[in-house]
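Contents: one structure, followed by commentary.
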Amino acid sequence: MLVTVNALPLAVGVLLSCSTPLGEISVYGRLTLGIAWALTQLIVLVGGTWWYESRAASSFQPASATTAASRSAGGEW
């Protein structure tokens, strides 16, 4: 399943970049299929990065008291 999820956007990107008539298909006004796909990929990248970073920041736990005490006393790790 994971391979399909990762391979599908790559395959579509390669198909659109190799076939200029497909990439030039008008979607809405001057917006073409190639530009729409690139914008979709950019939005997914930024959204995924934001989601990952917000989850990583929310799981932050302060250092334990023993680690902080040994650091301030100049002790070994």
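The values are calculated or read from the model by the stated rules, or taken from the named source; none is laboratory data. Fair warning: this is a prediction, and the values are worked out from it, not measured in the lab. Virtual Cβ from ideal backbone geometry, glycine too; neighbours counted across all protein chains shown.
Below, the figures for the structure above:
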item	result
The stretch 21-42, residues that are over 19 Å from the mean Cα position of the chain (by Cα) and under 20 Å from L10 (Cα atoms)	P21, L22, G23, E24, I25, T32, L33, G34
Residues within the stretch 11-25 that are out of contact with any helix residue (DSSP H, G or I) (no Cβ under 8 Å at 6 or more places or on another chain) and either at pLDDT 85 or above or surrounded by 10 or more Cβ atoms within 10 Å (Cβ to Cβ) (or both), tallied	5
Subset of the stretch 10-24 [farther than 20 Å from L42 by Cα and assigned to a loop (DSSP other than H, G, I, E, B)]	S19
V27 vs. criteria assigned to a helix (DSSP H, G or I) and either on the phi < 0 side of the Ramachandran plot or out of contact with any Cys (no Cβ under 9 Å at 6 or more places or on another chain) (or both)	no
